[in-house]
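Just so you know, all these numbers are worked out from the coordinates, no wet-lab data involved. A quick note: this is a predicted structure, and the numbers were derived from the prediction, not measured. Note that each Cβ is placed from the backbone with ideal geometry, even for glycine, and that neighbours are counted across all protein chains shown.
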Amino acid sequence: MHKKIYTLVLTLFCWSLAVPVWAQGAGDTSKVEMADKFRSDGKIYVVIAVLVTILLGLFLYVIRLDRKINKLEKDFNK
């Protein structure tokens, strides 16, 4: 029962995060000037590289933390 409630709350939370995206309007064909400027200067690749580096670091941190927690759980259960 608790798992279903947890899943429902998590789903509603994720859905609520997507609502502001709908407000942007899919029919708007205007271009984003900042993105065009970064693209023309070649800096968009730097932005993407920084974002990928940050996300990769976060994923590696979470994986490492999970392994440490699993090891502590195994040691605690012995």
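Given R₀ = 22 Å, FRET efficiency for V50-A18 by Cβ-Cβ distance, to 0.05? Mind showing how you got there, number by number?
On the way: r = 25 Å, r/R0 = 1.13.
So the FRET efficiency works out to roughly 0.35.
When the range 33-78 is described by a simple charge dipole with +1 on each Lys and Arg Cβ and -1 on each Asp and Glu Cβ, the residue from V62, G42, N77 located farthest towards its positive end is N77.
Each residue of the range 3-8 was assigned a 3J(HN,Hα) from its phi angle through the Karplus curve 6.51 cos²θ - 1.76 cosθ + 1.60 (θ = phi - 60°); the sequence is 5, 5, 5, 4, 5, 5 Hz, with glycine and proline shown as x.
For the range 33-78, with only Lys/Arg (+1) and Asp/Glu (-1) charged at the beta-carbon, what is the dipole magnitude about the Cα centre, in debye rounded to 20? Could the numbers behind the result be given before it?
Values: 9 positive and 6 negative charges, 73 e Å.
Approximately 360 debye in magnitude.
At full extension, I69 and T11 could sit 18.2 nm farther apart than now, given 0.36 nm per residue minus the alpha carbon distance.
Residue by residue, the range 62-78 carries 3J(HN,Hα) couplings of 5, 5, 5, 5, 5, 5, 5, 5, 4, 5, 5, 5, 5, 5, 5, 7, 6 Hz when phi is fed to the Karplus relation 6.51 cos²θ - 1.76 cosθ + 1.60 (θ = phi - 60°); x denotes Gly or Pro.
Only lysines eight or more places from K68 in sequence, or on another chain, were considered; those with a Cα closer than 22 Å are K78. Annotation: extensible slack from K37 through L58 equals 4.7 nm (criterion: 0.36 nm per residue apart, minus Cα-Cα distance).
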